[in-house]
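These notes concern the structure reproduced below.
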Amino acid sequence: MPTIDIRAVTKRFGTTMALDDVSLTIPQGAFVALLGPSGCGKTTLLRLIAGFEEPTAGAIAFGDRVVADGRRLVPPEHRGVGMVFQSYALWPHMNVADNVAYPLRSARRPGAEIAEKVNATLDRVGLAGLGERMPDALSGGQRQRVALARALVQDSDIILCDEPLANLDAHLRATMISTFADLHRDTGRTFVYVTHDHAEALALATQVAVLDHGRIVQVGDPEDIYRAPATRAVARFIGRGALIEAEVTGEFADGRLPVKIGGADVAVRAVRAPANGRAMLLVRPEAIHPGGSVPITVESALYRGAAVEVAGTLPCGQRLVFDWPERVAPGAALACSVTDAWLLPEP
Ligand SMILES: Nc1ncnc2c1ncn2[C@@H]1O[C@H](COP(=O)(O)OP(=O)(O)O)[C@@H](O)[C@H]1O
Ligand SMILES: [Mg+2]
């Protein structure tokens, strides 16, 4: 089973720079999420790995086998990848079993092997007994499971998924996230999973690669990406939180920088001291607690069931978001503590 090696890949469509000098190594057996806003180049990168697009510059290798560079372009059917599309892309005139069997028939596998593999794969994705159904008699979630079965049936080492859950409602999405996690764990295959939904990426991925305007801006495990985003764009894109500027009050040491937030001293996580004496911080909701010396004025409050989501301002006017255990009204004065923040390392 190979590592996927993307080396300095650029892809232009006319004058549009869809990918700009992207390098990424995807270890075998990883579950890598390509995460970023619409138009950042996720689908283009996935289609380059699949072989549906040719890089303008750079190379792609599976292990030591180069599948695309200036001279070679291995076609999709010879790359040994399975692909799941957001739109499902099922053949409407074929029943479920025939849709799933299609890649095996194209590869001229024997009939007995096809029947056995199709049944085993339908079983694996939770569609046992539905082989005779036509796609239009299935729910959206079931159709996506058929598409997943078709990608898995060929024993491809690499499974590529392009926003596979984007068309499903929240409840089905949660169920399918578990299905993807189980499949990855049970099959040990390499998954490359495109999504604009940070919750999917954090829940599923062993590694998250965040794209912004055709470039990879951060690669890390989900905790790194959430706790220590590399740029403002990553911080804004992933999870809730607020960006605030704070005064630096001491020297950087041992990964900590002393600052003042709302008059209180906090030692925030950092990789180095900021150049200009002002710190741009990411403060996550879970770092703000009831009780303490930081005064926050409630701007708005939304009842969410388990907690009340509050947007409030510090005396300096900067805005924070956090959860509060009880309902509060706009204008209310809260006394809080801030126990954690992350200094964005960018200039
Ligand atoms: N076949 C194409 N022809 C022209 N432009 C394209 C084509 N495919 C993608 N693009 C452009 O490349 C950029 C990246 O697109 P895409 O990879 O689809 O982004 P994402 O999947 O992250 O939403 C966009 O600006 C898009 O309009
Ligand atoms: Mg896309």
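So here's what we get for this one:
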read-out: Packing rank of 146-156, 38-48, where each peptide gets the mean count of other beta carbons within 10 Å, highest leading; value: 146-156, 38-48
read-out: Candidate lysines for bridging to residue 42, where Cα separation is under 19 Å - those fewer than 8 sequence places away on the same chain excluded; value: 11
read-out: Amide proton proximity set for residue 67, modelled H, under 5 Å, gap of 5+; value: 60, 61, 62
read-out: Amide proton proximity set for residue 86, modelled H, under 5 Å, gap of 5+; value: 162
read-out: HN-Hα J in Hz across the range 161-174 - Karplus 6.51, -1.76, 1.60, θ = phi - 60°, x for Gly and Pro; value: 10, 10, 6, x, 9, 5, 8, 9, 6, 4, 5, 4, 4, 4
read-out: Ordering of 11-22, 256-267 by packing [mean C-beta count within 10 Å, highest first]; value: 256-267, 11-22
read-out: Volume per residue of the C-alpha convex hull in the chain, rounded to whole Å³; value: 169 Å³
read-out: Computed [θ] at 222 nm, deg cm²/dmol, the chain (DSSP H ≥ 4; -39,500 (n - 2.57); rounded to nearest 500); value: -7000 deg cm²/dmol
read-out: Inter-centroid distance (Cα atoms) of the range 283-308 relative to the range 186-226, Å; value: 29 Å
read-out: Mean shadow area of the range 51-134, taken as a quarter of the surface of its Cα convex hull (nm²); value: 7.4 nm²
read-out: Using θ = phi - 60° and Karplus 6.51 cos²θ - 1.76 cosθ + 1.60, couplings along the range 207-212 (whole Hz; Gly, Pro as x); value: 9, 10, 10, 9, 10, 8
read-out: Under the Karplus curve 6.51 cos²θ - 1.76 cosθ + 1.60, θ = phi - 60°, whole-Hz ³J(HN,Hα) for the range 59-66, x wherever Gly or Pro sits; value: 9, 10, 10, 9, x, 9, 9, 6
read-out: With Cα atoms, 0 to 90° folded angle of helix 111-124 axis to the chain main axis; value: 20 degrees
read-out: Amide H within-cut-off set for residue 249, under 5 Å, with H built and near neighbours excluded; value: 259, 260
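A short reminder: the numbers here are calculations on the coordinates, not readings from a lab. In this text, all values refer to a predicted model and were calculated from it rather than measured experimentally. All Cβ positions, even for glycine, are placed from backbone atoms using ideal geometry, and neighbour counts span all protein chains on display.
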